[in-house]
1. Can you pull the one-decimal nm distance between simple spin-label points at residue 215 and residue 257, each 7 Å off the Cα toward Cβ?
2. Could you list which residues have their amide H under 5 Å from that of residue 227, counting only those 5 or more apart in sequence or on another chain, with H placed in the peptide plane?
3. Could you point to the residue in 318, 304, 282 farthest towards the positive end of segment 278-329's charge dipole, with +1 and -1 charges on the Cβ of Lys/Arg and Asp/Glu respectively?
4. Which one of 125, 61, 164 is farthest out on the positive end of the charge dipole of the chain, using unit charges on Cβ (Lys, Arg +1; Asp, Glu -1) and the Cα centre as origin?
5. Can you run phi through the Karplus equation (6.51, -1.76, 1.60; θ = phi - 60°) for segment 53-69 and list ³J(HN,Hα) in whole Hz, with x for Gly and Pro?
6. If we count other beta carbons within 10 Å of each Cβ, what is the order of 186, 242, fewest first?
7. Can you tell me the FRET efficiency between residue 62 and residue 337 if r is taken as the Cβ-Cβ distance and R0 is 30 Å, rounded to the nearest 0.05?
8. Enumerate the amide H contacts of residue 279 below 5 Å, restricted to partners 5 or more residues apart or on another chain; note that Pro and chain-start residues carry no placed amide H.
Amino acid sequence: MRASDSNSSTLELVCPAGSLPALKTAVDHGADAVYIGFSGDTNARHFAGLNFDPDRAQQALDYAHSRNTKVFLALNTYPQADGWQRWQDAVDLAAQLEFDALIGADLGVLDYAATHWPQLALHLSVQGSATSPEAIRFYHQHFAVRRVVLPRVLSLKQVRQVAAASPVAVEVFGFGSLCVMVEGRCLLSSYVTGQSPNTFGACSPASAVQWKQTADGLESQLSGVLVDRYSANQPAAYPTLCKGRFQVPQSGAEAAYYALEEPTSLNTLALLPALQQMGVAAIKLEGRQRGPAYVKQITRVWRAAIDACRRDPQAYQPRPEWLQDLHAVSEGQMTTLGAYHRPWQ
Ligand code: SF4
């Protein structure tokens, strides 16, 4: 069962795709919408081998639209003064190719799109970090934004408050890797590598990554900064600064541990009835940097879960096999409710 209207109270399933095979996988396994990025730094998953040139984007749109699935374009990085033309060209291309929506964050990009392509639907990216109905109203009034993706800093109570007063449809993240919860504002990667995820489009760019086998274990580094060290039986992860293990004094002694954030994935399967009840319009799954196997696993599980919740929210319970499947593709094989869970609120 697929949602037909992104602004209705039925939960729409929005899935990630970093490549055409991943997009086809998402479409074939029940996505209501898929979000993609153009090749280059106009989106926040600017990694080698990922994303879509104009031909591939056209193929993606043809494939998805012929199967009643929408395609959104993530154009959610912040242009600098000498790079504006790339963002403007990307907006023009998105409108000409007739994407179902453009997901933007930068005020200049949103203004250009709203002024020059009023028929192109606009969504406010999580990178825009709008946390109040008043902020959302600003984007709606000035750029006719039709949907907002809420940042992952809000508790469930705060999501309810925002959804109740938002002038536009609200989308929330349901699953996937977490940032340290300063959406659009993290400087860790740019501090160490000189390349900011918000302008260059990639946190911890691959060109800055080094792997070194040492007598103490396998070391991951970013621009020469040690991010983690793994013993022979530990699985090594891509070096992301917020999820590195660092020597920090603890009770007088120094121990290497996750000083900023543990590697774990957000998983809100258990919250689906509450999110549906508060009128959330869409659930977004993170992971454009992951392959088709990941996309297949998460899309299948979330399609089944959303359908079960829509059929009977009172009886809905996440099935053990769904949780198992999501654990298997989670960062560090761990999941969390993240900021949604604040029992003191
Ligand atoms: S370092 Fe961590 S918190 Fe900062 S942008 Fe990268 S993933 Fe997000």
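Every number in this text was worked out from the coordinates using simple rules, so none of it is lab data. Note that the structure is a prediction, hence the values are computed from the model and not measured. Cβ coordinates were reconstructed from backbone atoms using ideal geometry, including for glycine residues, and neighbour counts include every protein chain displayed.
1. So the label points at residue 215 and residue 257 sit 2.8 nm apart.
2. Amide H neighbours of residue 227, under 5 Å, 5+ apart: 220, 221, 222.
3. 282
4. The one lying farthest along the dipole's positive direction is 164.
5. 7, x, 5, 5, 4, 5, 4, 4, 5, 4, 5, 5, 5, 5, 10, 6, 10
6. Working: 186 18, 242 21.
With the sparsest Cβ surroundings first, the list reads 186, 242.
7. For residue 62 and residue 337, the calculated efficiency is 0.20.
8. none
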